[in-house]
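What follows is a short report on a single structure.
The values are calculated or read from the model by the stated rules, or taken from the named source; none is laboratory data. None of these values were measured; they are calculated from a predicted model. Don't worry about glycine lacking a Cβ; one is built from the backbone with ideal geometry, like all the others, and counts go over all protein chains shown.
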Amino acid sequence: MLNQLVLENLKHRPVRTILSVAAIAIEVAMILTLVGLSYGMLDEAQRRQRGIGADVIIKPGSTSVMSFGGVTLPEKLVDYFEKQPGVAMATGSATHVISGFLESASGVNLDALTRMSGGFKFLAGGPFSGPNDIIVDERYARTKQLTVGSTLRLWDKDWKVCGIVEPGKLSRVLLPLPVVQDLAAAPGKLSQIFIKLQDPTKADEFVKALKANEQLSGYQIYSIDEIVSLFSVEGVPGFKPFLNVVIGLGVVVGFLVVLLSMYTAVLERTREIGILKSLGAAPGYIMGILLRETAILALAGAVAGILLSFVTQWAIEAFGSPALVQKVVPTWWPITTAIALVGALAGTLYPAMKAVRHDALEALSYD
Amino acid sequence: MTESPIIQIRGLRKVFHLGEINVEALRGIDLDISRGEFVSVVGPSGSGKSTMFHVLSGLTPATAGSVTIDGVEIAKLDEAGRTSLRKEKVGIVFQKYNLLPTLTAEENIEIALHIAGKPIEWTAEFKEILAVLGLESRLNHKPRAMSGGEQQRVAIARAIVNQPAILLADEPTGNLDSKNSEAVLALLRDLNRRLGQTIVMITHNPEAAGYGDRIVKMRDGVIVG
């Protein structure tokens with residue numbers, strides 16, 4: 001009976017119902033999109049690090065793990081590391097920013113990287129054959145609408161796309177190493193050195209030995225497992241507080257929207273509330289109606305928001321930067337639903353208290 | 001042994017505090033109504049008849065005096081107690097029908113059962129009453145699809161579905177044309193005769209008042225006849 005009354009009330013005011021559901025959907029979609037982007041980009045970074053095929057990574061001491069700039073490692077260190085016991089091979093890359101902090105290109109020794117990583121899968125075209133050649137991954141090509149032979153303008157220069165590869169190795173944009181060193185004005189320098197061991201299980205031991213070497217004390221030395229773990233939700237400093245802020249904002253949005261919506265609903269239905277009171281409805285009964293309405297709005301909004309997050313995922317993939325990857329994170333669906341419910345129910349409390357405190361006689365004469 | 005009145009009022013006073021002014025709407029009412037009686041309360045505007053109605057229905061508390069309905073002293077009840085009173089002892093019919101616009105006629109009646117915590121099912125006797133009220137073919141309609149007379153009949157059905165001790169009707173024909181007014185009044189009398197339902201009807205219309213067994217006249221907050 002109560003559910004019938006609640007559903008009829010929601011149907012009776014379709015615009016208000018739709019707007020409330022839409023606002024909650026946006027709240028949920030916002031959280032899922034930001035969480036999805038965070039997880040997606042971190043997962044993508046992890047994948048590309050692992051895709052190199054290295055067991056140990058060396059970075060300059062002055063850069064953060066998350067950044068890929070700082071072309072300051074001497075290239076001759078590659079030979080040094082290749083001569084160390086237990087090392088199968090070593091190679092390096094130089095990174096140069098394309099735009100902002102999200103998009104960058106990597107200069108590589110393609111042959112060495114191919115051997116280390118197990119090979120690039122070319123979906124079209126092939127390796128570098130000229131100084132202006134550029135290789136992009138499939139996601140980059142799709143976003144920028146590139147094919148083999150297309151011209152790509154970067155750093156005020158035209159580059160020819162010679163190959164399109166499957167994503168997941170180091171970077172979305174690859175150029176010959178000397179070209180990037182030239183662009184970065186850092187000849188003979190690298191951003192990172194990758195080391196493949198004869199026995200990958202000895203990576204931790206190898207890292208420990210390198211760190212004990214005083215001559216290498218100015219460098220950051222990580223096993224691949226260690227560096228990949230830093231590209232995680234728990235590993236990135238400030239990430240959890242960032243998420244908490246986003247969630248907090250989401251709760252506030254949901255709370256305010258529902259507060260305003262239910263406040264007007266209670267005002268509009270003053271007389272109905274008076275009728276229920278005249279029939280002997282206790283405060284809990286009236287509150288129950290309003291809270292049920294809110295719960296239905298919140299659940300409908302949550303479902304719509306989850307669906308909307310698939311739309312944002314599509315939109316980001318279709319129109320966004322190739323650096324942006326939004327992952328679907330199903331474990332957050334119940335979390336965002338709970339956030340929507342809590343915010344909405346909290347927003348209903350004040351209007352509901354107002355409703356139950358209405359004098360029945362006054363409410364009955366309200367027009 | 002004589003049965004005690006179902007409604008017993010002694011020294012009922014009601015004072016409204018409007019800013020710095022006190023308005024004494026009821027100035028000491030004494031009234032007994034027997035079980036099964038149909039009493040019409042008449043009086044001009046400001047006589048206090050509506051205020052007495054509101055006190056009897058528990059919609060407003062008394063300021064002083066004693067009011068007993070079916071053995072329950074209601075003058076001392078708090079808000080929760082008066083809410084229970086409306087659920088269990090008192091059925092109310094308003095001038096403006098006061099049906100819930102989003103529910104059908106059937107649902108408007110059922111919600112009274114639901115609020116009272118009773119099963120949503122109608123007894124054979126109640127189905128008979130629905131037939132007497134002429135509502136069988138209108139139960140699936142919402143109030144906006146019903147005439148004033150039909151809505152008032154739904155309101156009457158809703159008021160008696162819980163078999164209340166008393167049925168209070170506040171100007172039940174106030175918003176109806178003469179034909180529908182006669183029909184509603186006749187139905188109230190029929191319910192009184194058929195079910196022995198105690199009815200107290202507030203009206204300013206002397207013709208309507210004539211449908212009751214007894215007429216109580218009020219003026220300036222007291223009973224004058």
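Reported count of residues in segment A:269-289, each being facing another protein chain (nearest Cβ under 7 Å) and over 19 Å from B:Asn162 (Cβ atoms), is 1. Checking A:Ala265 against (1) outside any helix (DSSP H, G or I); (2) modelled with pLDDT under 90; (3) out of contact with any strand residue (DSSP E or B) (no Cβ under 9 Å at 6 or more places or on another chain), which test does it fail? Answer for A:Ala265: the failing condition is (1). The single condition among (1) away from chain A (no Cβ under 12 Å); (2) over 20 Å from A:Ala363 (Cα atoms); (3) crowded, with 17+ Cβ neighbours inside 10 Å that B:Glu107 does not satisfy is (1).
Apart from one condition, B:Met52 fits all of (1) assigned to a helix (DSSP H, G or I); (2) within 11 Å of chain A (Cβ to nearest Cβ); (3) more than 30 Å from B:Arg138 (Cα to Cα); the exception is (2). Starting from residues that are crowded, with 16+ Cβ neighbours inside 10 Å and within 14 Å of chain B (Cβ to nearest Cβ), keep the ones in segment A:13-33 and report whichever is nearest to the chain's Cα centre (by Cα). Among those that are crowded, with 16+ Cβ neighbours inside 10 Å and within 14 Å of chain B (Cβ to nearest Cβ), it is A:Thr17.
Counting only helices (runs of 4 or more DSSP H) that fall entirely inside segment B:119-225 and contain at least 1 residues that are closer than 17 Å to B:Ile109 by Cα and more than 17 Å from the chain's Cα centre (by Cα), the qualifying elements are B:124-132, B:148-160. With respect to (1) away from every other protein chain (no Cβ under 14 Å); (2) touching a residue at least 60 places away in the same chain (Cβ under 8 Å); (3) surrounded by 17 or more Cβ atoms within 10 Å (Cβ to Cβ); (4) part of a helix (DSSP H, G or I), the lone exception for A:Glu317 is condition (3). Candidates A:Gly36, A:Gly61: the one that is over 21 Å from the mean Cα position of the chain (by Cα) and either more than 14 Å from chain B (Cβ to nearest Cβ) or surrounded by 17 or more Cβ atoms within 10 Å (Cβ to Cβ) (or both) is A:Gly61.
For B:His204, are the conditions met, namely being more than 14 Å from every other protein chain (Cβ to nearest Cβ) and surrounded by 15 or more Cβ atoms within 10 Å (Cβ to Cβ)? Before you say what the answer is, go through the steps one by one.
Numbers: more than 14 Å from every other protein chain (Cβ to nearest Cβ): yes; surrounded by 15 or more Cβ atoms within 10 Å (Cβ to Cβ): yes.
In short, yes.
Selection of first residues in segment A:127-147 that are assigned by TED's automatic domain parsing to the domain that holds A:Leu175 and of second residues that are of a type in the set (Phe, Trp, Tyr), restricted to Cβ pairs under 6 Å at least 6 apart or on distinct chains, gives the following pairs, ordered by first then second residue: A:Asn132/A:Trp159; A:Ile134/A:Trp159.
Would it be correct to say that B:Glu79 is within 23 Å of A:Val6 (Cβ to Cβ) and within 13 Å of another protein chain (Cβ to nearest Cβ)? It would help to see each step written out before you state the result.
Values: within 23 Å of A:Val6 (Cβ to Cβ): no; within 13 Å of another protein chain (Cβ to nearest Cβ): yes.
Against the criterion (within 23 Å of A:Val6 (Cβ to Cβ) and within 13 Å of another protein chain (Cβ to nearest Cβ)), B:Glu79 does not qualify.
What about A:Ser309, is it within 30 Å of B:Lys89 (Cα to Cα) and of a type in the set (S, T, N, Q)?
Details: within 30 Å of B:Lys89 (Cα to Cα): no; of a type in the set (S, T, N, Q): yes.
Judged against the criteria, A:Ser309 is not a match.
Annotation: of all residues in segment B:85-103 being farther than 17 Å from A:Glu8 by Cα and of a type in the set (A, V, I, L, M, F, W, C), the one that is nearest to the other protein chains (Cβ to nearest Cβ) is B:Ile92.
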